[in-house]
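First the structure, in the form of structure tokens, and then the observations on it.
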Amino acid sequence: MAQTLLKISDLKVAYGGIQAVKGVDFEVREGELVSLIGSNGAGKTTTMKAITGTLPFLGGNIEFLGKSIKGRGAWDLVGEGLVMVPEGRGVFTRMTITENLQIGAYIRKDKAEIARDIDRVFTTFPRLKERANQLAGTMSGGEQQMLAMGRALMARPKVLLLDEPSMGLSPIMVDKIFEVVKQVYDQGVTVLLVEQNASRALQLADRGYVMESGLITMSGDAKVMLSDPKVRAAYLGE
Ligand SMILES: Nc1ncnc2c1ncn2[C@@H]1O[C@H](COP(=O)(O)OP(=O)(O)OP(=O)(O)O)[C@@H](O)[C@H]1O
Ligand SMILES: [Mg+2]
């Protein structure tokens, strides 16, 4: 079986007195695409932030490549390959597309390789290439999502965490984003995908987890989950 890249054990995260994540266990193995689904406020983003060192966690543990990440900062973890595309994208609006992509590779020193990776991102997203010198803040939501994903890829992630990449996008743009997620996965990058679009997310995934009110309530093979009447009733609008 493939190596476990991420192991989350009894994770607990609180905002002040409010516990948003109440003891969550799951894992992500090398080469997998794992989808985390669940309704608004379930604790998905909070979990992703804890995994990437953006938010401290009080209880439990998170291991990346067999080592605890407790107390380590987000920038430090990016350098080891734990890279998140946050909800709402978080591109640098007053910088150009190219500058945003360069920042994605800030941890790397290999100039020639960085240039090659920018070309690779431009091949994946021709739209970004056409607009290389445009300010990121003037791009559409879908274009900003492409840029955010491109910037994350510039860090050469071992695990790419995507928080609702399809949010607020038109159907065509949603198709494009899911297509790119699949491409990235096919290239061998391990992906943890948080999505409201449960059906699309499970169609793409190897395994899935359902999160509700700070807990994992269901998990399993993604195809099995897709045909599970309970999942279908609760998350696939049936
Ligand atoms: N900065 C914060 N301060 C206080 N409470 C917060 C904060 N961020 C999130 N919460 C609360 O924690 C809970 C989990 O939020 P979280 O953003 O993780 O949910 P989510 O599953 O990502 O939801 P969505 O699908 O709407 O993005 C919610 O009840 C939310 O109100
Ligand atoms: Mg969220």
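Laboratory data are not the source of any read-out in this text; all were calculated from the coordinates shown. These numbers come from a predicted model, not from an experiment. Neighbour counts run over all protein chains shown; Cβ positions are idealised from the backbone, glycine included.
Scalar couplings 3J(HN,Hα) for region 23-31, obtained by applying the Karplus form with A = 6.51, B = -1.76, C = 1.60 to θ = phi - 60°, are x, 10, 10, 6, 9, 10, 9, 4, x Hz; x denotes Gly and Pro.
What size of dipole, in debye to the nearest 20, comes out for the chain about its Cα centre when the only charges are +1 on Lys and Arg C-beta atoms and -1 on Asp and Glu C-beta atoms?
Around 460 debye, computed over the chain.
Only helical runs count toward this figure. For the chain, summing -39,500 (n - 2.57) over DSSP H runs of n ≥ 4 and dividing by all residues gives -10500 deg cm²/dmol at 222 nm. Once backbone amide H atoms are built at 1.01 Å from N, LEU55 has ALA50 as its partners under 5 Å, excluding neighbours fewer than 5 places away on the same chain. Note that region 125-138 has calculated 3J(HN,Hα) couplings of 10, x, 4, 6, 5, 4, 10, 3, 9, 7, 5, 4, x, 9 Hz, one per residue in order, obtained from phi through the Karplus relation 6.51 cos²θ - 1.76 cosθ + 1.60 (θ = phi - 60°); glycine and proline are x.
Across region 204-218, rounded Karplus estimates of 3J(HN,Hα) from the backbone phi angles (6.51 cos²θ - 1.76 cosθ + 1.60, θ = phi - 60°) give 8, 7, 7, 9, x, 10, 10, 10, 9, 6, x, 10, 7, 9, 8 Hz, Gly and Pro being marked x. Filter LYS67/LYS223; LYS49/LYS109; LYS109/LYS129; LYS7/LYS223; LYS49/LYS176 down to the pairs with a C-alpha to C-alpha distance above 29 Å, please. Violating the 29 Å Cα-Cα cut-off are LYS67/LYS223. Identify which of THR46, THR138, THR96 has the largest mean-square fluctuation in a Gaussian network model of the chain, with springs joining Cα atoms closer than 10 Å. Evaluated over the chain, the most mobile residue of the options is THR138. Counting every alpha-carbon pair across the chain, the share separated by more than 21 Å comes to 56%.
Counting Lys and Arg as +1 and Asp and Glu as -1, what is the net charge of the other residues whose Cβ lies under 11 Å from the Cβ of GLU113? Intermediate results must be reported in sequence, preceding the final value.
Details: positive: ARG108, LYS109, LYS111, ARG116, ARG120, ARG156; negative: ASP110, ASP117, ASP119.
Net of charged neighbours comes to +3.
Ordered from longest to shortest, the equivalent ellipsoid semi-axes for region 90-136 are 17, 14, 7 Å, each the square root of 5 times a Cα gyration tensor eigenvalue. A cut-off of 5 Å between modelled amide H atoms, ignoring neighbours fewer than 5 places along the same chain, links LEU33 with VAL191, ASP206, ARG207.
If we count every other residue with Cβ under 12 angstrom of GLU143's Cβ, Lys/Arg +1 and Asp/Glu -1, where does the sum land? Residues close to GLU143 contribute a combined charge of +4. Only beta bridges with both residues in region 4-235 are counted; by DSSP, about 55 percent of them are antiparallel.
Quick one: which residues, 5+ away or cross-chain, put their amide H under 5 Å from the amide H of THR217? H built at 1.01 Å from N. Amide H neighbours of THR217: VAL210, MET211, GLU212.
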